[in-house]
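J.: Supplied in structure tokens, the structure appears directly below.
The values are calculated or read from the model by the stated rules, or taken from the named source; none is laboratory data. These figures come from a predicted structure and were not determined experimentally. Virtual Cβ from ideal backbone geometry, glycine too; neighbours counted across all protein chains shown.
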Amino acid sequence: MNRSIAIVACVLSALVFTAPASAAPATSPSPAPSPSPSASPHAKPLDTVVVTSQRHASTIGATSRETWVVSAADLRRLGSNSVADALRFIPGITVKDAGTVGSLQSVFLRGASSTQTLVLVDGRPINDPDTGAVDFSSLPVAGISRIEIVEGGASTLYGSSAVGGVINIITQQASAPAASAFVEAGFEGRVDQGIAASGGEAKSLAYAFDVRTTHARNQFDYPAFGSLPAGTRSNSDANLQDESLALSHDAGNVSIRLHLSDQAQSIGIPGDLSFQSTPLGREQRIYERSDLTLEAPAGRNAWTLQLFADGRRQHIGDPDLPFPYDALDNAVSRGFSLRDSMQAGASQIVTFGYDSRGDRAYFGSGVGQPASPASDGTTAIFVADDLRAAGSPLSASVGLREERPQGTKRTGVPSIGILEKLSGAVTFRANYARAFRTPDLDDRYFPFAGNPALQPEYAATFDAGLSAENAAGSASLTWFGTDTNNLIVFDPITFLPVNVSRASVRGVNASVALRAADDWQMRFAYTDYPRAADLGGAPNIRLLYRPTATGSADIERALRSGSAGLSLTFTGRRYANETNTIVLPGYASVGAFIERPIGRGLGLTLRADNLTGERVQDTFGYPVEGTTFSVRLTVARP
């Protein structure tokens, strides 16, 4: 792909959209609005209400932070089997798969690592306390209302791990009575099925629940790749079950919402082909997540109290090794946040709050020894001031956070962002922020391989960009960068993690969304990474698995009855080892779907993915499937 042509095309598109547009209205915290659904194809994206960018309700057009929304309709249209599948279509995001359905999925935001990308569910963190990352294969698409992605350093608002940005998965709200069910059959014995229902009244008790199961054999032939010979992938089967329940109640001026979810996985883990270390390995994992949110508007204030409790049970074993391996690793997290968004004036909203979290992990040795426990905690205070004078083209946001992690250095991080409405429909935005990542429990306390003396990783992040919008569509162009120091790496001499490395990322992303009449929608995105340098070792070394570029295209047409569409994702060249001697070539994957009603309340969807048959390994040593097909039958009752 010619990078220059792609970038210039998006710039020209941005310049074309110069029809006048009114400024987005300032948002008031009182009363506190519930998360709103994503904009429809005919609504202006900049008028879409989001809750992640400022940590209170705001429109996309009123924040300087680059923000994207993936709706529940997008998840269905793209055929997403996981949250990560849909994120491939967002500029600045790289997704790395370690195999087929059920296998590890990692997400990198703006070149940051997976542990430097913060993931939230309904506004609270879910990154594993021991690994610091999130396996996106454990995040089902069932019960999701929308996903909000905020790019760039966001530690001022959200704390540790928000170096590349924040991914906030917002679950379904209890709503009007409705019910639906589906069954989908696909490649290699894969079967998905699920049911969903909602009902009740918020003044008494409203509910919404989703249940989904996935079964896949995942046994397939694969071609030779590099030095790895061809073969048949086996012991990579997956059995997944996901359940979620949301309850809500309006008690006068207080809105109460309880969300419970449970994800259970039983999968085969055959391991890396280059080592064949766990040919008969099995993993069973259960995630239990719960949170309770209370919202109380009071005059010019909007108070929010959120409590959460998460647990993970993980069992890994392989009887085929020279010595039997059987480990049970558990982790729990507990926390709460209290915040207030106050209308300090006609053009000023001040948000301040207190966050607290405690984590505990139990490391199983796998060789008959008792589990080794480790724990830590963190508290933080933050304040953010959003200034938007009525009638002024310029607005600004400033923030400051002080975080006090247990057992490591106290951290203070500021942020500043500006947004200016230029002539016509063009908007300029720029941001600078400090961000950090606190060492996780593995880094500090893993038996015989942890270093309790580790300090946080620090980063300086910045971006500047233009966006434009009119009735025909929208376009954006953003230049961004991240400079990170104190990075934690493994020391081959001491066999311990140490704070010695540095990294630097520079990139530019562009997007265009077009609406042609009422029946065509087209979206294009491209991100180029001219620099993703590992500065901690030899010169001219690129960061592990950071592609040279990523891109996507998505075209949908509304038919007289139903809809049809094409999609494409592109991932550029990347390196699979720290010395840059293993090169993974770039690849593109093309998909297509057609959706038609076949009777009252019945719908049929036919889908084909990876039509070009690409077999490039996303993670070296983990083969992927070729072209796959699926058929889905849906029944719904309003």
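J.: Answer yes if at least one residue in the range 512-529 is more than 28 Å from Ala73 (Cβ to Cβ) and within 23 Å of the chain's Cα centre (by Cα), and no otherwise.
T.: yes
J.: Moving on. Quick one: in the range 552-593, which of the residues that are of a type in the set (Val, Ile, Thr) and surrounded by 15 or more Cβ atoms within 10 Å (Cβ to Cβ) is farthest from Ala525 (Cα to Cα)?
T.: Ile582
J.: So, one more: If you take the residues of the range 516-530 that are surrounded by fewer than 16 Cβ atoms within 10 Å (Cβ to Cβ) and either in contact with a Pro (Cβ under 9 Å, 6 or more places away or on another chain) or assigned to a strand (DSSP E or B) (or both), which of them is modelled with the lowest pLDDT?
T.: Among those residues, the one meeting the criterion is Asp518.
J.: Considering only the range 235-246, I want to know if a residue exists there that is at pLDDT below 95 and over 29 Å from the mean Cα position of the chain (by Cα).
T.: Within the range 235-246, not a single residue is at pLDDT below 95 and over 29 Å from the mean Cα position of the chain (by Cα).
Residue-wise test of (1) more than 28 Å from Gly189 (Cα to Cα); (2) assigned to a strand (DSSP E or B); (3) within 23 Å of the chain's Cα centre (by Cα).
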{"site": "Tyr545", "(1), (2), (3)": "yes, no, yes"}
{"site": "Ala553", "(1), (2), (3)": "yes, yes, yes"}
{"site": "Arg557", "(1), (2), (3)": "yes, yes, no"}
{"site": "Ser567", "(1), (2), (3)": "no, yes, yes"}
{"site": "Thr612", "(1), (2), (3)": "no, no, no"}
{"site": "Arg615", "(1), (2), (3)": "no, no, no"}
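J.: Criterion first (touching a residue at least 12 places away in the same chain (Cβ under 8 Å), over 30 Å from His315 (Cβ atoms) and either among the basic types (Lys, Arg) or touching a Lys or Arg at 6+ places or on another chain (Cβ under 9 Å) (or both)) does Phe225 satisfy it?
T.: Yes.
J.: Considering only the range 96-140, state which residues are among the aliphatic types (A, V, I, L, M) and more than 27 Å from Gly61 (Cα to Cα).
T.: Residues satisfying the conditions are Ala98, Val101, Leu104, Ile126, Ala133, Val134, Leu139.
J.: Continuing with the same structure: Would you pick out the residues in the range 258-293 that are under 23 Å from Asp310 (Cβ atoms), in contact (Cβ under 8 Å) with a residue 40 or more places away in the chain and either surrounded by fewer than 16 Cβ atoms within 10 Å (Cβ to Cβ) or small (Gly, Ala, Ser) (or both)?
T.: Listed by number, the list holds a single entry, Ser261.
J.: Now, a different point. Which condition from (1) at negative phi; (2) surrounded by 16 or more Cβ atoms within 10 Å (Cβ to Cβ) is the one that Leu602 breaks?
T.: So the condition that Leu602 fails would be (2).
J.: Tell me, please, whether a residue that is of a type in the set (Gly, Ala, Ser), more than 22 Å from the chain's Cα centre (by Cα), surrounded by 19 or more Cβ atoms within 10 Å (Cβ to Cβ) and under 15 Å from Gly407 (Cβ atoms) can be found in the range 444-452.
T.: Yes, because at least one residue in the range 444-452 is of a type in the set (Gly, Ala, Ser), more than 22 Å from the chain's Cα centre (by Cα), surrounded by 19 or more Cβ atoms within 10 Å (Cβ to Cβ) and under 15 Å from Gly407 (Cβ atoms).
J.: To continue, here is another question. What's the number of the condition Leu466 fails, among (1) more than 24 Å from Thr378 (Cβ to Cβ); (2) among the hydrophobic types (A, V, I, L, M, F, W, C); (3) outside any strand (DSSP E or B)?
T.: (3)
To keep it simple, each residue is scored yes or no on (1) under 25 Å from Val134 (Cα atoms); (2) not in a loop (DSSP other than H, G, I, E, B).
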| position | (1), (2) |
| --- | --- |
| Asp250 | no, yes |
| Glu283 | yes, yes |
| Thr304 | no, yes |
| Ala309 | yes, yes |
| Asp320 | no, no |
| Ala327 | yes, yes |
| Asn330 | yes, yes |
| Arg334 | yes, yes |
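J.: Taking the condition of being in contact with a Leu (Cβ under 7 Å, 6 or more places away or on another chain), touching a residue at least 40 places away in the same chain (Cβ under 8 Å) and not acidic (Asp, Glu), how many residues in the range 578-612 meet it?
T.: Total meeting the criteria: 2.
J.: Just for the range 153-197: of the residues that are in a strand (DSSP E or B) and under 27 Å from Arg55 (Cβ atoms), which one is farthest from the chain's Cα centre (by Cα)?
T.: Let us first name the residues in the range 153-197 that are in a strand (DSSP E or B), namely 165-171, 178-185, 191-197.
Narrowing the set further to residues that are under 27 Å from Arg55 (Cβ atoms) leaves 165-171.
Working: Gly165: 9, Val166: 7, Ile167: 4, Asn168: 7, Ile169: 7, Ile170: 11, Thr171: 13 Å.
Ranking the qualifying residues of the range 153-197, first place goes to Thr171.
J.: Quick check on the range 422-437: of everything there that is over 15 Å from Leu477 (Cα atoms) and touching a residue at least 60 places away in the same chain (Cβ under 8 Å), which residue is surrounded by the fewest Cβ atoms within 10 Å (Cβ to Cβ)?
T.: Checked the range 422-437; the qualifying residue surrounded by the fewest Cβ atoms within 10 Å (Cβ to Cβ) is Ser423.
J.: Check Arg637 against each of (1) under 30 Å from Ala179 (Cα atoms); (2) out of contact with any strand residue (DSSP E or B) (no Cβ under 6 Å at 6 or more places or on another chain); (3) basic (Lys, Arg) and name the one condition it does not meet.
T.: Status for Arg637: all satisfied but (2).
J.: Also, quick follow-up: Tally the residues that are over 19 Å from Thr94 (Cβ atoms) and touching a residue at least 60 places away in the same chain (Cβ under 8 Å), restricting the search to the range 478-515.
T.: 3
J.: Can you pull out the residues in the range 175-219 that are among the acidic types (Asp, Glu) and crowded, with 18+ Cβ neighbours inside 10 Å?
T.: Within the range 175-219, Glu184, Asp192, Asp210 qualify.
J.: Can you find a residue in the range 379-402 that is over 23 Å from Arg65 (Cβ atoms), surrounded by 17 or more Cβ atoms within 10 Å (Cβ to Cβ), in contact (Cβ under 8 Å) with a residue 12 or more places away in the chain and hydroxyl-bearing (Ser, Thr, Tyr)?
T.: no
J.: Is at least one residue of the range 250-266 within 26 Å of Ser138 (Cα to Cα) and of a type in the set (D, E, K, R)?
T.: The answer is yes; a qualifying residue exists.
J.: Can I ask one more? Do the conditions hold for Ala510, that is, is it out of contact with any Pro (no Cβ under 6 Å at 6 or more places or on another chain) and surrounded by fewer than 16 Cβ atoms within 10 Å (Cβ to Cβ)?
T.: Spelling it out, it is not the case that Ala510 is out of contact with any Pro (no Cβ under 6 Å at 6 or more places or on another chain) and surrounded by fewer than 16 Cβ atoms within 10 Å (Cβ to Cβ).
J.: Can Phe490 be described as out of contact with any Lys or Arg (no Cβ under 6 Å at 6 or more places or on another chain), assigned to a strand (DSSP E or B), more than 21 Å from Ala73 (Cα to Cα) and modelled with pLDDT under 95?
T.: Spelling it out, Phe490 is indeed out of contact with any Lys or Arg (no Cβ under 6 Å at 6 or more places or on another chain), assigned to a strand (DSSP E or B), more than 21 Å from Ala73 (Cα to Cα) and modelled with pLDDT under 95.
J.: State all residues of the range 345-354 that are assigned to a strand (DSSP E or B) and either in contact (Cβ under 8 Å) with a residue 12 or more places away in the chain or among the polar types (S, T, N, Q) (or both); if no residue qualifies, say none. Don't jump to the end; show me each part of the working.
T.: Taking the range 345-354 first, the residues assigned to a strand (DSSP E or B) are 345, 348-354.
The answer is Gln348, Ile349, Val350, Thr351, Phe352, Gly353, Tyr354.
J.: Here is a follow-up. Given Ser244, Ser255, which one is crowded, with 21+ Cβ neighbours inside 10 Å and either in contact (Cβ under 8 Å) with a residue 24 or more places away in the chain or not in a strand (DSSP E or B) (or both)?
T.: After applying the criteria, what remains is Ser244.
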